[in-house]
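Data block below; observations after.
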Amino acid sequence: MTKVAVVTGGTRGIGKAISKELKNDGYMVVAIFQNNEEAAQKFRNETGCETMKLDVADFDQCHGAIEEIESKFGEIGVLVNNAGITRDGVLHKMPKENWDDVIQTNLTSCFNMCRAVITKMRERKFGRIVNISSINGQKGQFGQVNYSAAKAGMIGFTKALALESAIKNVTVNVVCPGYIETDMTANISKDILDKIICQIPEMRMGKPEEIAAIVSFLASDKAAFVTGATLSANGGQYMV
Ligand code: CAA
């Protein structure tokens, strides 16, 4: 039976590359998106993957969506928590809303989605959960107390859930991309981005496909003994 893979933020950027890679691996992919209908339509036409609109920050919506996906398409074998937003700004100027939005969308979403899939994965004694964190959750980033906190939180979340899930053959890992060519990094001003690229030993940004390849491995049978791991892909910018 074809297993289902769910990818949040799965129609654009890194998530889109992950959705495509998992489809190539033989998964029936459901890509979750929140707002950008146009990008979702384009993604559907291009890939033939299913899409579903929901707010990953909303606990009830996540549970409803997971139930719907399982009843429509079958058992979920892989969950990739990739959805994320930035609301950059220094702490002393940061409105509370920018803190709340980033924590809810980037970190609480991880709880919401994992909580919705974990019981069935445990019962079936199989599951692959991959969380997409960031280099900025590992090293901190000027202007990103909210984002760095959420992404660091995902790393701790991953390790704790990996401990709880290992005995049930459910692996939980976290990938920390560095600066990758996506809409998110396209929003950084050119002078700041130039300075960042100078700090990357490979002297280039990464490509979404370079993150998708790691997720594909973590989702595969070959990675059965890898759990609780933090995999960095950042062109050498930060070594931990
Ligand atoms: N380290 C130390 N000081 C810094 C600094 C840094 N990295 N960046 C800026 N400063 C200093 C500036 O020199 C300036 O000092 P003075 O007032 O003495 O001149 C002061 O901090 C204020 O800087 P700005 O004028 O830039 O402040 P701002 O409020 O206009 O902008 C900011 C702040 C929006 C955070 C801007 O600095 C910025 O966009 N930074 C980039 C943040 C970033 O890397 N985001 C990553 C987005 S992509 C992503 O998140 C994906 C991923 O996972 C990697």
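The values are calculated or read from the model by the stated rules, or taken from the named source; none is laboratory data. Note that the structure is a prediction, hence the values are computed from the model and not measured. When we count neighbours, we look across all protein chains shown, and the Cβ atoms used for this are built from the backbone with ideal geometry, even at glycine. Ligands, DNA and RNA are excluded from the accessible area calculation, which covers all protein heavy atoms including side chains. Shrake-Rupley method; radii C 1.70, N 1.55, O 1.52, S 1.80 Å.
Accessible area per residue for the chain is 48 Å², calculated with a 1.4 Å probe on protein heavy atoms, without ligands, DNA or RNA.
Spin-label pair E68-E46: with each label point 7 Å from Cα along the Cα-Cβ axis, the two points sit 2.4 nm from one another.
Applying the criteria of a DSSP loop state and at most 11 other Cβ atoms within 10 Å to the trypsin sites (Lys or Arg not before Pro) of segment 110-148 yields K125. Take R204: with every protein chain present and a 1.4 Å probe, its accessible area is about 90 Å². For segment 222-237, putting each phi into the Karplus relation 6.51 cos²θ - 1.76 cosθ + 1.60 with θ = phi - 60° gives couplings of 4, 9, 4, 9, 9, 8, x, 8, 10, 9, 9, 9, 9, x, x, 5 Hz, in residue order, rounded to whole numbers and with x for Gly and Pro.
Amide H contacts for N131 (H built 1.01 Å from N in the peptide plane; partners 5 or more residues away or on another chain; cut-off under 5 Å): N81, N173, V174, V175.
With both residues required to sit in segment 4-231, DSSP beta bridges show an antiparallel share near 0%. Rounded to the nearest 20 debye, the dipole size of segment 1-141 about its Cα centre is 480 debye, using +1 on the Cβ of Lys and Arg and -1 on the Cβ of Asp and Glu. Here's how it looks for I32: its modeled amide H is under 5 Å from those of V7, T8, G9, G10, M52, which are all 5 or more places away or on a different chain.
Loop-located GluC sites (Glu not before Pro) in segment 99-188 (DSSP state other than H, G, I, E, B) with a sparse environment of at most 16 neighbouring Cβ atoms within 10 Å: E181.
Note that segment 171-178 has calculated 3J(HN,Hα) couplings of 9, 9, 9, 10, 10, 10, x, x Hz, one per residue in order, obtained from phi through the Karplus relation 6.51 cos²θ - 1.76 cosθ + 1.60 (θ = phi - 60°); glycine and proline are x. Where in the chain are the DSSP H helices whose alpha-carbon span along the long axis reaches 20 Å or more and whose Kyte-Doolittle mean is at least -1.0? Membrane-span-like by this rule: 59-73, 109-124, 145-165. Rg/Rh, computed from the Cα trace of segment 41-155 with Rh as the Kirkwood radius, has the value 1.03. Solvent-accessible area of segment 4-231 (1.4 angstrom probe, protein heavy atoms only): carbon and sulfur portion equals 53 percent.
Here the simple spin-label model places points 7 Å from the Cα toward Cβ, and for F59 and H92 these points are separated by 3.7 nm. Normalised by the number of residues in the chain, the average gap of Cα pairs under 8 Å and 6 or more apart makes the relative contact order 20 percent. Under 5 Å between amide hydrogens, built in the peptide plane, is the criterion, and for S232 it picks out C176 among residues at least 5 positions away or on other chains.
Among K93, K168, K16, the largest mean-square fluctuation in a Gaussian network model of the chain, built with springs joining Cα atoms closer than 10 Å, belongs to K93. Anyone know which of E68, E46, E21 comes out most mobile in the 10 Å Cα GNM of the chain? Maximum among the listed residues: E46. For segment 20-86, what does the alpha-carbon gyration tensor say about shape, rounded, prolate or oblate, given a ≥ b ≥ c as the root eigenvalues, a/c under 1.5 as rounded, and a/b over b/c as prolate? Oblate shape, in that a/c is at least 1.5 and b/c is the bigger or equal ratio. Inter-label distance, F142 to R115: 3.8 nm, where each label sits 7 Å from its Cα along the C-beta direction.
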